[in-house]
Structures are given as C-alpha cells and as structure tokens.
1. How large is the helix-only mean residue ellipticity at 222 nm for the chain, computed as the sum of -39500 (n - 2.57) over DSSP H runs with n ≥ 4, divided by its residue count, in deg cm²/dmol to the nearest 500?
2. Of L113, L17, L65, which is the most mobile in a GNM of the chain whose springs link Cα atoms less than 10 angstrom apart?
3. Dipole magnitude of the chain about its Cα centre, charges +1 at Lys/Arg Cβ and -1 at Asp/Glu Cβ only, in debye to the nearest 20?
4. From the list (1) 18.3, 66; (2) 17.8, 57; (3) 24.9, 103, can you say which value of Rg and Dmax of the Cα atoms in Å was derived from the structure given?
5. Taking the 0 to 90 degree range and rounding to the nearest ten, how far is the long axis of helix 115-125 tilted relative to the main principal axis of the chain, both from C-alpha atoms?
6. Taking the Cα atoms only, what angle lies between the long axis of helix 2-35 and the longest principal axis of the chain, rounded to 10 degrees?
7. Can you put T58, T138 in order, fewest other beta carbons within 10 Å first?
8. Which residue fluctuates most in the GNM of the chain (Cα springs below 10 Å): A171, A11, A56?
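We did not get these values from a lab; they are worked out from the coordinates using the rules stated. Values in this document were obtained by computation on a predicted structure and should not be read as measured data. Counting neighbours? That spans all protein chains shown, and the Cβs are built from the backbone with ideal geometry, glycine included.
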Amino acid sequence: MRWDALFSDLAAQADELERAERAATVEERARIEVGALGLWDRLRPAVGCALRLECAGTLSLTGVLRRVGPDWLLLDEGQGREVVVAIAAIHGVSGLSRLSAVPDSAPAVESRLGLRHVLRGIARDRSPVRICRVDGSTVAATIDRVGADFLEAAVHPAGETRRRADVREVALIPYAALAAVRRDA
C-alpha cells in the first residue's frame, strides 16, 4: 500500500512537471510569434475600423482605415477627406483590436504596393495636396515627380490647381521627412 501511494505521488509530480513544461513552451512560442509581427501585420485586420493615429510633428489623425500597404495606410477622415500616411511617421495607434494578420500572408501584389506607388498615382492625378512633414510643417503643392526615396512638389496656393505662374518653388521632400499627404478638396 505504501508503494502504491509513493508511485501515485511520483506520477502526479511527473504530470504536473509535464503540464508546466507544456505551458512554458506555449508561452515561448507565443512570444516568438508576436516578435515576428510587423506594424503592417497589426494594421491589416483593422481595415474598416475607426483609428486614431499620433504621428511625427504633432500630427494627430482620426478616421476609418481603408487600405494598408507595407509602408503606408489610407485613412478616411470623413466628408470626402482621405489622407495617405507614411507608416514610418506613426508614433502610436489607438482603436486596434487584438487581431493580427499572419506575417508574410499578404497577397503578392498588395505586398509590393509601397508608398512610392501611391505617390505616383497622386502625381499622375495632378491633384493639389497638402504635404505634412515629420517636423510639423505643411506644404500646399502638387506632386510633380516621385523618386526612389523622395518626391518633388510644385508649391502653390492651397486648394488651387497647379499653374506654372502660381508655382512659388519646387520642394524636394525625402520620404524620411514625409508624414502624410492629404488631397485638397
């Protein structure tokens, strides 16, 4: 009888040790998975959700997330106002759920549509825009050219279409200095 109690106690200890090891393994795997997540992976499931973004230069934006790319997002601020935000300029996001996308699970085409592609589309459209820089300054302009790591914009009066006579200067803005681009309505 004493032997039965001893073996039962040893079996219970072994079971408890196995449960603790399994729990530690699960926790470690969860930490590794979270460590592989990028900001893009956290934002992709939030499309359609209302978010608040705190960006460089005291820029604060609120709206519904419409699209997300690997280094940009499109926020619908309502009343027909949309803003493209450089992910590198984001300092904080409020309104996200606990969901995350699986890393490297985005469709191939979507994963290749970077900020540069979005800016080229705006440049082709010739829309007047307001460019927000990470230092907090803004420029009313039309994007003329989009390079690998910069854009060139013709600075002109806000809300007006680009006319050669109204262009005050051409501003070269590195992507590292770019916080957001909002079309002037």
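1. Estimated from H runs of four or more residues: -9500 deg cm²/dmol.
2. For the chain, modelled as a Gaussian network with Cα springs under 10 Å, the answer is L17.
3. Values: 26 positive and 26 negative charges, 243 e Å.
Around 1160 debye, computed over the chain.
4. The calculated read-out lines up with (3).
5. Here the helix axis deviates by roughly 30 degrees.
6. Taking Cα atoms only, the helix is inclined about 10 degrees.
7. Details: T58 10, T138 16.
Ranked by crowding around the Cβ, least crowded first: T58, T138.
8. In the Gaussian network model the winner is A11.
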